[in-house]
Structures are given as structure tokens and as C-alpha cells.
Amino acid sequence: MKAVYYEEHGDVDVLEYGDQPDPEIERDECLIEVKAGGLNHLDVWTRRGMPSPGEFPHIPGSDAAGVVSEVGEGVSRFEAGDRVAVAPGTSCGECEFCRDGDYSLCERYALIGEHMGGVHSELAAVPEDNLVSVPEHVDFVTAASAPLVFQTAWRMLVTRAEVDQGDRVLVLGASGGVGHAALQIAVNAGAEVWATASSEEKLDYAAELGADHLIDYEAEDFADVVYEDTDGRGVDVVVDHVGEATWDSSIKAAAKGGTIVTCGATSGPMPETNLSRVFWKQLNILGSTMGTPGEMDDVLAKVWDGTFESRIRAVLPMSETARAHEMLQDREGFGSVVVVPDSVYEEGEYAEYDG
Ligand code: ZN
């Protein structure tokens, strides 16, 4: 099969697209003919060698969708021909957290594409537990782009921060994958939403998705804008996946008793924290990562029925994965970048996703 792979960590030029051995399925796995693979910032971190070293050659990719072509003898929920998407989190099923159903807290939690081989390839062997059904009316590009970011954002806002009707919510980087999912989930919950982005075009898109207040973070300090808009009160929930570049302002922007929820640190993981603000304002600082199968089902149902839009920035052939990684690194455009096996890409029509 053809696959994206690399033999060492490094810059985008380590990415290759070429022949790799066909995967063989275990008892509990399905063989997937991949039709599309979604990219996440995680793919960039993993390629650079952070946080965990892997085995080489490494096939990247945590998000994908396609068709089941073969099932292991222990598989009961799927059969050949089923349309599926990959849910990338794997857990042991035995530790105290798994016993409680809190799978993303699993002591051995690992991600397809990060801690083990990924799915940006023509074929992928994926455990049955890591597959979700995709209805006929949902195209593979959409199905491949949604799972990781929507699951992550859903757990952050709904399960962890418990965003509710009337809450004031600030979503940073609202044009990225997690950001645009978080924005829509907050709007859907009935919150009043502030969205930050770096250009007018991206802010127009945030407005289309329902943001009430738009902040160009390159032109204005978002904490100052929030302070003015709320008469000095601040927002109930700040959704921060940026890290060092935004953390101090996130703490300023939170209301007394407010919550900051973080799922990542694309600008760096070591910000300074003014603790006097944290205790005086009695802030809740919550971490969140990925989600449970139930959270995945809940949020994908709303992607499949059109409540949430999984915005596509670009669709590229897998042989141009280096370019796809660059688009993520350089924060060009908004929404997800999707790669398609070259053999599939040649037959498909992807012009509608340009933009
Ligand atoms: Zn476990």
C-alpha cells in the first residue's frame, strides 16, 4: 500500500509518501480502505518528535474515514462495506479510570498516529472499539476531519467546563480545528460567545458560526476587549488551546469564579501564571484531553445531522502531506486540512473544499 511515513523526526521534509507493507488485522480489528485523513496539530508535534518518540518508519495520522474491507473474527459491530471514521484514543479497559468509564484518563491512554502507527495511508488496521459509523449522507472528507477536534472540544466545554445557557464564553483561536468546534458547541449551549482570530476573513467566519463578539487578537488585547464588553466582569469560561502566548490574558479575561479550560499549548506549554489572580478571583483551571466513546457519539451525532459544521480548509493528495503540515504550522486559513490517498484523489472532486 501507499502511505505517508517518516524515518526520523524533523521538519516537513522528513515526510514521504510511498510503499509500506499492507497492515494485517488482529482478531479485534477491521481493515479500512482509507478515503480521507484529517490533520491535527498533533500530527505536527508528533512529526517533530514531541512528546513521545516512536518507532520508524512511522505512519502519522489520527483522524481518518473510509470503508471496512475485512473484519477480524472477534469483531461484532462492523462488516465489510460499512462506512466508518476512526476515533483515535485507545485505553486499557482495566485500570481504575477505565473501570469508571473515564477512558481518556486511562493510565495507558495512547493515540493512534502518536504513540502507535497512524492512518494516513491507503489501508489501516484499526481496533473495532476505535471505529464509529458514518451515515451515507456524510462525505468522507467531513467524516475524517471531525472526530478528534469535535470530541476534544465537546469534553472541554460540556463535560469539564459545563458551559450552560447564558454563560459568557471566550474561545481563543476560533478559526482552527478545536477552536471552530468549541465556538459552535458554546453557541449551541446558549452561551454568549467571544471569538478571537487573526484576520477579518477568519472573524467573518466566526460570526457565521454564531459568535456574538469578534476580536482580532493581532490588533487588540483580547483581555481588554472582554473587560470593556463586560463592564469589568470578565467571562465565565475561557477556552484556551494556545498556551504561552495567551495564558496571562486568559487569566485576566476570566470573571471571578470563572473557569479556564485548556486542551493544548500550540504556542508553548510553559507560561507564567500570576497566582494572585488565580486565588483572588477563585479561578478554576481545568485540563482536558480527548474524550470518551460516549462523548464521541454525542458530538458526532450533531456533526452528522448538520448542527455543527466541520469546516474544511483544503483537501490535498497524500503525496502533498508536507504542504498540509505547513498549512497547519503557518495557521493559513480556517478549518481542517484533509489528505486523501493519491489513488482516491485522482477519481474524486474536491474543488468544493477549496477555501
Ligand atoms: Zn485504562
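Details
- The lone exception for residue 101 - which of (1) assigned to a strand (DSSP E or B); (2) within 16 Å of the ligand (Cβ to nearest atom) it fails: (1)
- Residue match in the stretch 66-82 (condition: more than 30 Å from residue 216 (Cα to Cα) and without any contact (Cβ under 8 Å) to a residue 12 or more places away in the chain): yes
Per-residue answers, yes or no, for (1) modelled with pLDDT of 95 or more; (2) in the same structural domain as residue 50 (by TED's automatic domain parsing); (3) among the aliphatic types (A, V, I, L, M):
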site	(1), (2), (3)
109	yes, yes, no
119	yes, yes, yes
127	yes, yes, no
136	yes, yes, no
161	yes, no, yes
194	yes, no, no
199	no, no, no
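- Residue match in the stretch 268-277 (condition: in contact with a His (Cβ under 9 Å, 6 or more places away or on another chain), crowded, with 17+ Cβ neighbours inside 10 Å and assigned to a loop (DSSP other than H, G, I, E, B)): no
- Looking across the stretch 107-132, not a single residue is within 9 Å of residue 88 (Cβ to Cβ), within 16 Å of the ligand (Cβ to nearest atom) and either touching an Asp or Glu at 6+ places or on another chain (Cβ under 8 Å) or among the acidic types (Asp, Glu) (or both).
- If the condition is being among the polar types (S, T, N, Q) and over 12 Å from residue 144 (Cβ atoms), then the stretch 313-355 contributes 319, 321, 329, 343.
- Breaking point among (1) exposed (fewer than 15 other Cβ atoms within 10 Å of the Cβ); (2) under 30 Å from residue 333 (Cβ atoms); (3) within 16 Å of the ligand (Cβ to nearest atom), for residue 50: (3)
- Matching entry among 328, 286, 300 (being touching a His at 6+ places or on another chain (Cβ under 7 Å) and either hydrophobic (A, V, I, L, M, F, W, C) or within 25 Å of residue 118 (Cα to Cα) (or both)): 328
- Selection from the stretch 292-314 of residues that are in a helix (DSSP H, G or I) and of a type in the set (Lys, Arg): 302
- A single member of 87, 64, 144, 161 is buried (at least 16 other Cβ atoms within 10 Å of the Cβ), within 16 Å of the ligand (Cβ to nearest atom) and small (Gly, Ala, Ser), and it is 87.
- Among the residues listed as 114, 162, the single one being of a type in the set (D, E, K, R) and out of contact with any Ser or Thr (no Cβ under 7 Å at 6 or more places or on another chain): 162
- Selection status of residue 214, surrounded by fewer than 22 Cβ atoms within 10 Å (Cβ to Cβ), in the same structural domain as residue 183 (by TED's automatic domain parsing) and without any contact (Cβ under 8 Å) to a residue 12 or more places away in the chain: no
- The number of residues in the stretch 295-341 being of a type outside the set (Val, Ile, Thr) and modelled with pLDDT under 95 comes to 13.
- Taking every residue in the stretch 94-111 that is among the acidic types (Asp, Glu) and pairing it with any residue that is more than 6 Å from the ligand (Cβ to nearest atom), at least 6 positions away or on another chain, the pairs with Cβ-Cβ distances below 7 Å are 102/292.
- Looking at 321, 289, just one residue is part of a loop (DSSP other than H, G, I, E, B) and of a type in the set (Ser, Thr, Tyr), and that residue is 289.
- Test: residue in the stretch 201-208 that is buried (at least 24 other Cβ atoms within 10 Å of the Cβ), in contact with a helix residue (DSSP H, G or I) (Cβ under 9 Å, 6 or more places away or on another chain) and not in a strand (DSSP E or B): yes
The values are calculated or read from the model by the stated rules, or taken from the named source; none is laboratory data. In this text the structure is predicted, and so the values were computed from the model without any measurement. Neighbour counts are summed over all protein chains in view; Cβ atoms, including those assigned to glycine, are modelled from backbone coordinates with ideal geometry.
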